[in-house]
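Participant: Got a structure for you, written out below as structure tokens; questions coming shortly.
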Amino acid sequence: MKDVKAEDYKFKKVVYVSHWQLQQFINFLGVPYSKSIVLQNAIEPTEDHQKPDDAINICYHTTPHRGLELLVPVFKHLIDNQIPKLNLGRPVHLHIYSDFAIYGWESRNEPYLPLFDECRNHPNITYNHTLSNEKMKEELKKMHIFAYPSIWQETSCIALIEAMSAGLLCVHSAYAALPETSANWTLTYPMSEDHRLHCNMFADQLLSALSMLDKQHVKDRLEMQKRYTNGFYNWEVRALQWKALLEGLLKDNG
């Protein structure tokens, strides 16, 4: 790697949305620490609301290449073989909001069309196209669990942040910046490149989430998770940080 001094760079700062992302740029591109700063993502917090109690609603609300191909077979196996043994007293339903149309990239859906059809044809799965952020936030108010067997490296994850803000019990792999983003509030399991092993670990954790969802200590923790998320990933807070950064750079520039 070329040894470049910080003063040789023509930019003032590189802003990252996670410390994981910052470390990748430093390790692989040689960007100096002195030129780097982390300002995390932010959202409009979800207001307090009551979850429905007639069913347990699991959701996946991001693009399909991030793990939908693992989620669907795992859920189908669990609903046929393991979930009935939990005696939850209410049905369990998976709601999927996923495609590439929101990016104007419909052709990218082609490899996943059979998977979408598989979801449409299952009685315990409802498939939806990706919704606008405003509509999706309303849907999250009806959801209980965010199931996210991520196989895609992300520098942060807005879908996870918004699920945490909406009080969902989140189940996901410990991949890339997801552990940092979730700040230990969620149910995580080790990432594995072996999809069979990944599915087994995800299935175990999803079953744990279903079995503990109605426990009082879990409800209390989800309330604390929501307060943390709404306080930390809040645009009112982040805007002040951006303002301070930009004003400082202008001052330094004389």
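Participant: Of the conditions (1) closer than 24 Å to K215 by Cα; (2) open to solvent by 30 Å² or more (accessible area, probe 1.4 Å), N57 satisfies every one except a single condition; which number is it?
Facilitator: (2)
Participant: If you scan region 79-120, which residues turn out to be in a strand (DSSP E or B) and more than 14 Å from H65 (Cα to Cα)?
Facilitator: V92, H93, L94, H95
Participant: Give T229, T188 a once-over and let me know the one that is touching a Pro at 6+ places or on another chain (Cβ under 8 Å), within 24 Å of R66 (Cβ to Cβ) and in a helix (DSSP H, G or I).
Facilitator: On the way: T188 fails: in a helix (DSSP H, G or I).
Selected residue: T229, the only one of T229, T188 that is touching a Pro at 6+ places or on another chain (Cβ under 8 Å), within 24 Å of R66 (Cβ to Cβ) and in a helix (DSSP H, G or I).
Participant: Give the residue that is least open to solvent (accessible area, probe 1.4 Å), with candidates limited to residues of region 121-161 that are part of a loop (DSSP other than H, G, I, E, B) and aliphatic (A, V, I, L, M).
Facilitator: Taking the candidates together, the pick is M143.
Participant: Still on this structure: Scan region 15-35 for residues that are modelled with pLDDT of 95 or more and either of a type in the set (D, E, K, R) or in contact with a Lys or Arg (Cβ under 7 Å, 6 or more places away or on another chain) (or both) and report the count.
Facilitator: 0
Participant: Also, I was wondering about something else. Among the residues of region 221-242, is there at least one that is among the β-branched types (V, I, T), open to solvent by 30 Å² or more (accessible area, probe 1.4 Å) and within 17 Å of Q40 (Cα to Cα)?
Facilitator: Looking for residues that are among the β-branched types (V, I, T), open to solvent by 30 Å² or more (accessible area, probe 1.4 Å) and within 17 Å of Q40 (Cα to Cα), one finds at least one in region 221-242, hence yes.
Participant: To continue, here is another question. E106 versus (1) in contact (Cβ under 8 Å) with a residue 24 or more places away in the chain; (2) over 29 Å from R227 (Cα atoms): which is the lone unmet condition?
Facilitator: (1)
The values are calculated or read from the model by the stated rules, or taken from the named source; none is laboratory data. Note that this is a predicted model, so its numbers are computed, not measured. Cβ: placed from backbone, ideal geometry, glycine included. Neighbour counts: every protein chain shown. Side chains are part of the model used for accessible areas, which takes the heavy atoms of the whole protein and leaves out ligands, DNA and RNA. Shrake-Rupley method; radii C 1.70, N 1.55, O 1.52, S 1.80 Å.
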